[in-house]
Structure formats: C-alpha cells, structure tokens
Amino acid sequence: MNSKINFHKFLTILTTLVLTYFLNVIYSQDLSSYVRLYGEITNPNSDKIIIRGNGYSKVIKVNSNGAFDDTLAVKEGNFNFNDTRESTALYLAPGYHLEISFDGKEFDETLKYSGIGERPNNFNASYFLFNEKNAIDSETYKKMENQEYFDYELKTHASLMKLLNESEIENEKFLENQADKFRFQMLNNLINKL
C-alpha cells in the first residue's frame, strides 16, 4: 500500500513537472519577432483574407461571424491586404499587434486599425481616401495647361506631406519611404504631363 502511494506521488510530481515545462516553452517564446493580425469584418466579402508582399503570402480564414486571427512571421515592409474583392496597403513589422475592422460593403470608408502598428496603417487608409477624393479625371487632365497641372501637383504633394506629418508616426523608416514615394509620384506625374 505504501508503494501505491509513493507511485501515485511520483506520477503527480512527474505530471506537474512535464506540464510546467511545456507551459514554460509556450509562454517563453519571443513573440516580438511575429505580427499578430486579428479583427472583425462586418458584411465579409469572403471566408478568407490574403496577406501578400516581400515574397510572403498567407491566406487567413474568416469565420462565419467575420472574425479572423493569425500570427505572421514577416520582415518589416509593405504588404497587400485583400479580402478577394477589395484590397489596401498594409505596413507590418515584427512586434506589431494589429486589430483590423471594416465593413465589406464600404471598405475604404470604414477601414480602421488599432493596437501596435496602427499609425502607419491608419495613415495608409487616409492616404487612399485622400487619393480617391483628390483624383482628377482624364478629361480634366487633358484640358489642364502645364502651369495649372504643375500647381495642382505641388498642392497635392504639400497636402500629402501635411497628412504624413500630422499622422504622429514614430517609425522613421516608414516616414522616409512615404516622403520619397510622394516626391517620386509628383516628379513622375510632372514628367509625364510634359
């Protein structure tokens, strides 16, 4: 009877040690090298979303309530977020813990990010809305004189830089890349008009 009690104690101690070891392994992982992406979609367009860019591609399942959650092993950079009908730019960096919400029927107008990494991504959403509202149609473009178009491009560039500077983004790499992109777009548009 004494040996049964000792065996039972031994089994209890061994089980406790094994569970403690596995819990330690699970909780001691360095999650700062991953991106956690999760959120909820109202009126989803599909049962999946797709993240692509920098040689990376991942399909994330969206459940029947529109919720999704996944962990991504990506390097810092620009990606594309696609729900099979709509898409947008997504900026990811290891350590981001990003919640995304939107309505599938009004994608650009309702797209919101919160959590670690929200500022660059909310800026991207604002940038796309800015472009939608300030784009000129092809007829207007054709009718514009060179000086008028030059003034339009300068004004657009200044507005984009103001939007970027007011975004309170702390990621210098992202800020520099965006400023360079805006300069290139302006110069390229001006060269094409001439």
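The values are calculated or read from the model by the stated rules, or taken from the named source; none is laboratory data. Just so we're clear, the structure is a prediction, and the values are computed from it rather than from any experiment. Methodologically, a virtual Cβ is constructed for each residue, glycine included, from the backbone with ideal geometry; neighbour enumeration extends over all protein chains shown. All accessible areas refer to the heavy atoms of the entire protein, side chains included, with ligands and DNA or RNA removed. Shrake-Rupley method; radii C 1.70, N 1.55, O 1.52, S 1.80 Å.
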*Mind checking which residues of region 115-137 are open to solvent by less than 70 Å² (accessible area, probe 1.4 Å), more than 22 Å from Glu40 (Cβ to Cβ) and part of a helix (DSSP H, G or I)?*
Tyr127, Phe130, Asn131, Asn134
_Unmet requirement for Thr42, which otherwise passes all of (1) more than 30 Å from Thr156 (Cβ to Cβ); (2) among the polar types (S, T, N, Q); (3) open to solvent by less than 40 Å² (accessible area, probe 1.4 Å)_ = (3)
*Answer from Lys155, Lys181, Lys173 - the residue that is farther than 27 Å from Asn54 by Cα and open to solvent by 30 Å² or more (accessible area, probe 1.4 Å)*: Lys155
*Does Asn189 meet the test of being open to solvent by 30 Å² or more (accessible area, probe 1.4 Å), part of a helix (DSSP H, G or I), in contact with a Ser or Thr (Cβ under 9 Å, 6 or more places away or on another chain) and at pLDDT below 95?*
yes
*Here are some conditions: (1) of a type outside the set (A, V, I, L, M, F, W, C); (2) free of Cβ contacts under 8 Å to residues at least 12 places away in the same chain; (3) touching a helix residue (DSSP H, G or I) at 6+ places or on another chain (Cβ under 8 Å). Ser138 meets all but one. Which one does it not meet?*
(3)
*Evaluate the following for Glu176: is it among the charged types (D, E, K, R), assigned to a helix (DSSP H, G or I) and touching a Lys or Arg at 6+ places or on another chain (Cβ under 9 Å)?*
no
*Just give me the residues in region 85-107 being over 20 Å from Asn54 (Cβ atoms) and surrounded by 14 or more Cβ atoms within 10 Å (Cβ to Cβ), in sequence order.*
Glu86, Glu99, Ser101, Phe102, Asp103, Gly104, Phe107
